[in-house]
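The values are calculated or read from the model by the stated rules, or taken from the named source; none is laboratory data. Fair warning: this is a prediction, and the values are worked out from it, not measured in the lab. Here Cβ is always computed from backbone atoms with ideal geometry, including for glycine, and neighbour counts include all displayed protein chains.
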Amino acid sequence: MILLRFILRLLLPILVILPITAYTQSMSVIGGGSYARNCYMASTLAIQLNSASDADIQECDQAILYGRLTRKDLLATYVNRGILYGAMEDYQRALKDYRTAIDLEPQTGEVYVNLGNLYLLSQKYDVAIRQYTTAIELTLTKNHIAHFNRAMAYENNKEFANAEADYRRAIELSPEWVLPQLRLERLKRNIQKGQT
């Protein structure tokens, strides 16, 4: 507990000035050859670095055009390319890829998390909240990320009780993940100080 308080004191000033960072979810690809796997790897790296290149996009394009992908792998490749477009701040193309993925399989939660991220970054918090809620209601491998991202949308939408509940749920689902704990502490402090 003492260590957590020390970390909070150290990092809270930094978190206050950091921009919103929505956490994205890439989708693994089983088949489709090297193009599809390279697209997946590039999207995974883009999540970590928030950067992508035209060469990464071309890997995804090649997978979609020539990869003989199963429906599931095609869906994953559209999601992964959408992540790359998002990292390149080409939100219209990212949105188009996520919509295509939804058309292929509307019951995949990861698509809605990534779609919610686009709306969160565009400051369309109500729409982002709806997308994250849909993701949470569907099958999702990393449910804690959807709760965390929805908490940020709630917080920016001045729905503080909902934000607190989602931060707490993210902590329950992933106790080792420190960021929701830090954001929750910051939210509580700001509420106490009347800064929200």
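Taking the residues in region 66-101 that are in a loop (DSSP other than H, G, I, E, B) and modelled with pLDDT of 90 or more as candidates, determine which candidate is nearest to Ile47 (Cα to Cα). Spell out the reasoning first.
Just the residues of region 66-101 that are in a loop (DSSP other than H, G, I, E, B), to begin with: 67-70, 88-90.
If we keep only those that are modelled with pLDDT of 90 or more too, we end up with 69-70, 88-90.
Working: Leu69: 23, Thr70: 24, Met88: 11, Glu89: 13, Asp90: 15 Å.
Among those that are in a loop (DSSP other than H, G, I, E, B) and modelled with pLDDT of 90 or more, it is Met88.
Within region 167-196, the set of residues being touching a residue at least 40 places away in the same chain (Cβ under 8 Å), charged (D, E, K, R) and surrounded by fewer than 15 Cβ atoms within 10 Å (Cβ to Cβ) comprises Arg189 only. If we scan region 109-118, do we find a residue that is among the β-branched types (Val, Ile, Thr) and surrounded by 24 or more Cβ atoms within 10 Å (Cβ to Cβ)? Looking through region 109-118, at least one residue is among the β-branched types (Val, Ile, Thr) and surrounded by 24 or more Cβ atoms within 10 Å (Cβ to Cβ). Being within 12 Å of the chain's Cα centre (by Cα), of a type in the set (Ser, Thr, Tyr) and more than 23 Å from Arg168 (Cα to Cα) holds for only one residue in Thr77, Thr100, Thr44, and it is Thr44.
Any chance you could count how many residues in region 118-151 are of a type outside the set (S, T, N, Q) and not in a helix (DSSP H, G or I)? Working first, answer last.
If we filter region 118-151 for residues that are of a type outside the set (S, T, N, Q), which is where we start, we get 118-121, 124-130, 132, 135-138, 140, 142, 144-148, 150-151.
Filter once more, so that each one left must be not in a helix (DSSP H, G or I): 124, 138, 140, 142.
Total satisfying the criteria: 4.
Among the residues of region 96-127, the ones that are in contact with a Leu (Cβ under 6 Å, 6 or more places away or on another chain) and over 17 Å from Arg150 (Cα atoms) come to 5 in all.
Kindly indicate the residue of region 132-166 that is of a type in the set (Phe, Trp, Tyr) and over 12 Å from the mean Cα position of the chain (by Cα) and also surrounded by the most Cβ atoms within 10 Å (Cβ to Cβ) among those meeting that condition.
Pass one, region 132-166, residues of a type in the set (Phe, Trp, Tyr): 132, 148, 154, 160.
Going one step further and asking which of them are over 12 Å from the mean Cα position of the chain (by Cα), we end up with 154, 160.
Numbers: Tyr154: 23, Phe160: 16.
Checking each candidate, the answer is Tyr154.
Taking the criterion of being more than 29 Å from Asp166 (Cα to Cα) and under 18 Å from the mean Cα position of the chain (by Cα), would at least one residue in region 115-122 satisfy it? For region 115-122, residues more than 29 Å from Asp166 (Cα to Cα) and under 18 Å from the mean Cα position of the chain (by Cα): absent.
If we scan region 65-78, do we find a residue that is touching a residue at least 40 places away in the same chain (Cβ under 8 Å), small (Gly, Ala, Ser) and either loosely packed, with under 14 Cβ neighbours inside 10 Å or out of contact with any strand residue (DSSP E or B) (no Cβ under 7 Å at 6 or more places or on another chain) (or both)? Checking region 65-78: at least one residue is touching a residue at least 40 places away in the same chain (Cβ under 8 Å), small (Gly, Ala, Ser) and either loosely packed, with under 14 Cβ neighbours inside 10 Å or out of contact with any strand residue (DSSP E or B) (no Cβ under 7 Å at 6 or more places or on another chain) (or both). Criterion applied to Asn117, Asn149 was being in contact with a Phe, Trp or Tyr (Cβ under 7 Å, 6 or more places away or on another chain) and touching a residue at least 24 places away in the same chain (Cβ under 8 Å), and the one residue passing it is Asn149.
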